[in-house]
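These notes are about the structure you will find just below.
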Amino acid sequence: MTKKILVNAPRFYGIDEAIRESFEKIGFNAILLNYGTNITLQEKIARRIGLKIPYLKLILNPILKYYLEKENKELVNTIEKEKPDLLFIIKGDHLFPETLKKIRNEMSCPIISYIWDDPFYSYAGPFADDFRKSNFEKGMHLYDFIFVYDTFYVEQIKKRGI
């Protein structure tokens, strides 16, 4: 029986599709669910204002959280519908720890993270919203496996107890 994998990834110059295709080439039934691809005008405005006037972030965070919650719900709904054998998350900065906990506790699929950037957004400074900056770090204990592109981050993850 063919194993099913759900790839949750940002749309990024075809790399997301190439990863899905790679899983298919090794025998998986691979489903790609992109996130963060339809940024709304409200999100764009909230992010820009938050960058220019940081003390307004507390007012703007609910707007940003609303759209991330929609993406999180879409992922959970897709998992419930598709019932994958494996969840392969690229980056994962969009996933709230509560969502990962729900997936881990209520659905029977291992969760793997592949991060092709700095998982802790240390380079981004004020350019990332508060949620994306902290979601991975707060939820990394909920992944079954974490893959990073640089051994430096392996040590950083170990320093955080994982």
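Tell me yes or no: at least one residue of the stretch 17-35 is farther than 24 Å from Asp144 by Cα and not in a helix (DSSP H, G or I). Break it down stepwise before answering.
Our first condition is that a residue be farther than 24 Å from Asp144 by Cα; within the stretch 17-35, this holds for none.
Within the stretch 17-35, not a single residue is farther than 24 Å from Asp144 by Cα and not in a helix (DSSP H, G or I).
Can you name the residue in the stretch 81-96 that is farther than 23 Å from Asp129 by Cβ and not hydrophobic (A, V, I, L, M, F, W, C) and is also surrounded by the most Cβ atoms within 10 Å (Cβ to Cβ) among such residues?
Here the answer is Pro84.
Give me a count of the residues in the stretch 24-48 that are of a type in the set (S, T, N, Q), open to solvent by less than 40 Å² (accessible area, probe 1.4 Å) and at pLDDT 80 or above.
The number of residues fulfilling the criteria is 1.
Could you say whether any residue in the stretch 2-12 is of a type in the set (A, V, I, L, M, F, W, C), closer than 22 Å to Asp117 by Cβ, touching a Pro at 6+ places or on another chain (Cβ under 9 Å) and at pLDDT below 85?
For the stretch 2-12, residues of a type in the set (A, V, I, L, M, F, W, C), closer than 22 Å to Asp117 by Cβ, touching a Pro at 6+ places or on another chain (Cβ under 9 Å) and at pLDDT below 85: absent.
Look through Ile162, Ile89, Ile146, Ile157 and report the one residue that is assigned to a helix (DSSP H, G or I) and in contact with a strand residue (DSSP E or B) (Cβ under 9 Å, 6 or more places away or on another chain).
On the way: Ile162 fails: assigned to a helix (DSSP H, G or I); Ile89 fails: assigned to a helix (DSSP H, G or I); Ile146 fails: assigned to a helix (DSSP H, G or I).
Selected residue: Ile157, the only one of Ile162, Ile89, Ile146, Ile157 that is assigned to a helix (DSSP H, G or I) and in contact with a strand residue (DSSP E or B) (Cβ under 9 Å, 6 or more places away or on another chain).
Restricting to the stretch 16-52, name every residue that is touching a residue at least 60 places away in the same chain (Cβ under 8 Å) and β-branched (Val, Ile, Thr).
Ile19
Please go through the stretch 53-83 and pick out each residue that is more than 17 Å from the chain's Cα centre (by Cα), touching a residue at least 60 places away in the same chain (Cβ under 8 Å) and farther than 23 Å from Gln42 by Cα.
Within the stretch 53-83, Glu82, Lys83 meet the criteria.
Among the residues of the stretch 99-116, count how many are open to solvent by 50 Å² or more (accessible area, probe 1.4 Å) and in contact (Cβ under 8 Å) with a residue 24 or more places away in the chain.
Residues flagged as open to solvent by 50 Å² or more (accessible area, probe 1.4 Å) and in contact (Cβ under 8 Å) with a residue 24 or more places away in the chain within the stretch 99-116 amount to 5.
The values are calculated or read from the model by the stated rules, or taken from the named source; none is laboratory data. This is a predicted model, so every value here is computed, not measured. No Cβ is skipped: glycine too gets one built from the backbone with ideal geometry, and neighbour counts run over all protein chains shown. Protein only, heavy atoms only, side chains kept; ligands, DNA and RNA dropped before computing areas. Shrake-Rupley method; radii C 1.70, N 1.55, O 1.52, S 1.80 Å.
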